[in-house]
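Encoded as structure tokens, the structure appears first; notes follow it.
The values are calculated or read from the model by the stated rules, or taken from the named source; none is laboratory data. Just so it is clear, the model here is predicted, and its values are computed rather than measured. Counting neighbours? That spans all protein chains shown, and the Cβs are built from the backbone with ideal geometry, glycine included.
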Amino acid sequence: MCVDVGGLYFKSFLEILMVKVMKKGKKTESIPSREIDKTMYSVEPHYEDTAPSKKLTKPLTSISPPGAEPMMPGSFKNPKNNNDKLKQLDDFRSDPLGESLRTNQGVKISDNQNSLKAGLRGSTLLEDFILREKITHFDHERIPERVVHARGAGAHGYFQVYKPLASYTKAEFLQDPHVRTPVFVRFSTVQGSRGSADTVRDIRGWATKFYTKEGNFDLVGNNTPIFFIQDAIKFPDFVHAVKPEPHNEIPQGQSAHDTFWDYISLQPETLHNVMWAMSDRGIPRSYSMMEGFGIHTYKLINAEGRCHFVRFHWKPVYGVASLLWDEAQLLAGRDPDFHRRELWESIEAGDYPEYELGLQIIPEEDEDNFDFDILDPTKLIPESLVPVHLVGKMVLNRNPDSYFNETEQVAFCPGNIVSGIDFSDDPLLQGRLFSYIDTQISRLGGANFHEIPINRPVCPFHNHQRDGMHRISISGAANYEPNSINNNWPRETPPAGGVFSSYPQLTTGEKIRKRSGTFIDYYSHPRLFWLSQTKVEQNHIIGGFSFELGKVVRPWIRERVVDQLTYIDHNLAQAVAENLGIELSHEQLRHPLPGPVNGISKDRSLSIYDGHSQVLKSRRVAILAADGVCEKSLAIIMKSLHDQSIHTMIFSPHIGKLRTLQGTELNINGTIEGNPSVLVDAVIVPDGKQSIDTLLKDGNAKYYLLQAFKHLKVIGLQGEAQRIYDAIPLPAADEGMITGNAALELAADFIEAMKLHRVWSREMIAGQIPA
């Protein structure tokens, strides 16, 4: 038998092995084909199809529930969700279907299983350029990860303004409600490496690249409206402190260690952002359920040259929600990719994350009308003082095709702005303008990182820059300006042509290394945040501080942090001190407390759960069932949940098919053991005596409900399923334990209970549950 590959003929694997093996001092022996182990077939070149016949390698549908299909590249799954940036990226996509395997130089490869050797058992030959190219490229595949925000997930989408904002800015993408501006968003954690878990307690990065017709605008922020430091010169110190400790690279993805809290105890300007990190904001339910902020004060400039100060906000359409701390820790082990997976699957399911862009706008002449400095990045502007105006919506509707090419190589720089937007004198922002470009040059291999496809603007760009590592653009024209050999092209644009121009701000003052006196207030804003939380949220903040400081080994660090808390709120400090075994002095409990912020003592916008509605679309409910489940009940429950755009997943003691009481078969989404309750928002058990009898004998099923109860999730038990509740050591039923015989009424009550996100009244007693 012979196989034709590239015009050359090669004997099949079996015939090649029918060779005479020559060994020194021994006679020639023949290896009969019948003695060849079939497990060795894998070393034969693969010239034929390997996928099962009639099986598609691309998705069957453009929209599919979570877990229904393998996750696919965005261009496979949602090709119709397109924009100018994605069309530009099409020029760089590579589809290997039907193509020959070749080297990077275009040479066809006939055998990718074996290196070139001198004899079957001889030395590998250096002349094997196929081996050398493959190994060499592999050895250089990794690039430096980001110093911070290394762990991330990204998505494509678009932004659309609601109405023209010409009175505030001349930025083109904020004028026409009919224009959809392409965007790419990257969410991230801050402290951990690329391999750390998603659900750690941490600040989340939120970077948005707008591909406008006037160039790229990067809004590079976090899920908190403030940062830990006021001046960029402290950024290396802060990051060194929060990162794993230098002698042992421990801990990963956590701030619960000595160096971080040592720094915090000595730098009270950090306390405001620390309060946010210790709150539920530090453990968001998902990327689609967290707020985003630009952090810094920027400037908006209109066509008449008038200036307004602005702070940018992202408000999630799905509402804001968090995890519980115990739940977040379990998820870090059960599914370290929880947030990444949820983002990807939500887009594939058509639950596109949506966020409204909000602006807090302050006329330039009102800059000094506050008892804090609006240029201080550790201070927020209360929304009850300066309302957030919702001016547009961003929709993330397509996943990347390649994590590395898009999410990893995307380069965000706060210095990337467009006409109509300008910088303020925020000292942290000013430092970031340099640092981000500098780090991208190091991380992405040189000054030409803007030519990487994901970073290219959608508008043309021409200048006289040249050469450097990885230069792609080719031009033989004059590379200097002014020139006459190319008639001075590319040339400058007259001011009337929509060019960027810096706002003509009057600057005075001496060169000085000193912090502005208007920045020296470290406690009033943390206190405002604390007083704005519900009692439940305050307890979570106390728990956050207690857990983190409980990991600190040096007692004086713990004591210093608690002492700092006495300047924010005595009850907060006392509660944390008691959990840490620290006795506060009478003097500490008499520390003066700061007054209101511009007369404001509480701002409901700072709370996640104070009267804010919870959106159920995209939420996930586990249905526990075994053979013998009532199909009629199951169908009614699932339809009721689907009508609310809630995803249901059937989990059983086994995988495969579920045989119902009525004799039909249903697909099972997974096993109960492999899909624990921390992966879902609520759980329901439909009726069916045989099914319930099986679940009563299944420890995983009972533990599922036990853990769901502990994490304050709504539990629905229909008919016979109430026997499971009696079989496990749970307290008396509460408003989050929905029982009943009628499936339709049970589902309706279950949905109403889910709208509260969690059963907060259960929290005190849930602490007694050993799950």
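Before moving on, here are some points about what is shown:
- Test: residue in the range 344-352 that is under 25 Å from MET275 (Cβ atoms) and either in contact with a strand residue (DSSP E or B) (Cβ under 6 Å, 6 or more places away or on another chain) or outside any helix (DSSP H, G or I) (or both): no
- Condition broken by HIS612, with the remaining ones in (1) in contact (Cβ under 8 Å) with a residue 60 or more places away in the chain; (2) buried (at least 16 other Cβ atoms within 10 Å of the Cβ) satisfied: (2)
- When the residues of the range 691-713 are filtered to those that are basic (Lys, Arg) and out of contact with any strand residue (DSSP E or B) (no Cβ under 7 Å at 6 or more places or on another chain), the one that is surrounded by the most Cβ atoms within 10 Å (Cβ to Cβ) is LYS710.
- The conditions of being over 16 Å from the mean Cα position of the chain (by Cα), modelled with pLDDT of 95 or more and over 25 Å from GLY420 (Cα atoms) are met by LEU330.
- For ILE229, the criteria (1) under 30 Å from ILE454 (Cα atoms); (2) assigned to a loop (DSSP other than H, G, I, E, B); (3) among the aliphatic types (A, V, I, L, M) hold in every case but one, which is (1).
- If the condition is being assigned to a loop (DSSP other than H, G, I, E, B) and out of contact with any Pro (no Cβ under 9 Å at 6 or more places or on another chain), then the range 188-212 contributes VAL190, ARG194, VAL200, ARG201, ASP202, ILE203.
- Residue match in the range 725-738 (condition: among the β-branched types (Val, Ile, Thr), in contact with a Leu (Cβ under 6 Å, 6 or more places away or on another chain) and modelled with pLDDT under 95): yes
- Some residue of the range 638-650 being of a type in the set (Gly, Ala, Ser), surrounded by fewer than 19 Cβ atoms within 10 Å (Cβ to Cβ) and farther than 30 Å from ALA349 by Cα: no
- Just one residue in the set PRO336, PRO377 is surrounded by fewer than 23 Cβ atoms within 10 Å (Cβ to Cβ) and either in contact with a His (Cβ under 6 Å, 6 or more places away or on another chain) or farther than 30 Å from HIS450 by Cβ (or both); that residue is PRO336.
- When the residues of the range 733-752 are filtered to those that are crowded, with 21+ Cβ neighbours inside 10 Å and in a helix (DSSP H, G or I), the one that is farthest from the chain's Cα centre (by Cα) is ALA743.
- Within the range 96-131, being in contact with a Lys or Arg (Cβ under 7 Å, 6 or more places away or on another chain), part of a loop (DSSP other than H, G, I, E, B) and in contact (Cβ under 8 Å) with a residue 60 or more places away in the chain holds for one residue alone: SER100.
- Every condition in (1) under 32 Å from the mean Cα position of the chain (by Cα); (2) closer than 22 Å to ARG334 by Cβ; (3) not hydrophobic (A, V, I, L, M, F, W, C) holds for GLY699 except the one numbered (1).
- Yes/no for VAL621 being in contact with a strand residue (DSSP E or B) (Cβ under 9 Å, 6 or more places away or on another chain) and in a loop (DSSP other than H, G, I, E, B): no
- In a residue-by-residue description of the range 203-218, the property of being without any contact (Cβ under 8 Å) to a residue 60 or more places away in the chain and either more than 22 Å from ILE421 (Cβ to Cβ) or more than 26 Å from the chain's Cα centre (by Cα) (or both) applies to no position.
- Residue in the range 393-404 that is assigned to a helix (DSSP H, G or I), more than 22 Å from VAL161 (Cα to Cα), of a type in the set (A, V, I, L, M, F, W, C) and without any contact (Cβ under 8 Å) to a residue 60 or more places away in the chain present: yes
- Selection status of PHE434, in the same structural domain as GLY195 (by TED's automatic domain parsing), in a helix (DSSP H, G or I) and within 29 Å of GLU345 (Cβ to Cβ): no
- Matching residues, the range 568-599, being touching a residue at least 60 places away in the same chain (Cβ under 8 Å) and part of a loop (DSSP other than H, G, I, E, B): ILE568, LEU593, PRO594, GLY595, PRO596, ASN598
- When the range 389-410 is filtered for residues that are closer than 20 Å to ALA207 by Cβ and aliphatic (A, V, I, L, M), the ones remaining, listed by number, are VAL391, MET394, VAL395, LEU396, VAL410.
- Scanning the range 627-637 for residues that are surrounded by fewer than 23 Cβ atoms within 10 Å (Cβ to Cβ) and among the small types (Gly, Ala, Ser) gives GLY628, ALA635.
- Exactly one residue among ASP262, ASP218, ASP237 is outside any loop (DSSP other than H, G, I, E, B), in contact with a helix residue (DSSP H, G or I) (Cβ under 8 Å, 6 or more places away or on another chain) and assigned by TED's automatic domain parsing to the domain that holds ALA321, and that residue is ASP237.
- Residue count, the range 360-375 (criterion: under 15 Å from PHE312 (Cα atoms) and part of a loop (DSSP other than H, G, I, E, B)): 2
- The one condition in (1) in contact (Cβ under 8 Å) with a residue 24 or more places away in the chain; (2) surrounded by fewer than 22 Cβ atoms within 10 Å (Cβ to Cβ); (3) in a helix (DSSP H, G or I) that HIS272 fails to fulfil: (2)
- Selection status of GLU245, surrounded by fewer than 18 Cβ atoms within 10 Å (Cβ to Cβ) and either without any contact (Cβ under 8 Å) to a residue 12 or more places away in the chain or of a type in the set (Lys, Arg) (or both): no
- For the condition closer than 20 Å to TRP325 by Cβ, outside the structural domain of GLU365 (by TED's automatic domain parsing) and modelled with pLDDT of 95 or more, ARG558 qualifies.
- The lone criterion from (1) of a type outside the set (S, T, N, Q); (2) in a strand (DSSP E or B); (3) surrounded by fewer than 16 Cβ atoms within 10 Å (Cβ to Cβ) left unmet by ASP422 is number (3).
- One residue stands out among those in the range 132-181 that are hydrophobic (A, V, I, L, M, F, W, C) and not in a loop (DSSP other than H, G, I, E, B): the one that is farthest from the chain's Cα centre (by Cα), which is ILE135.
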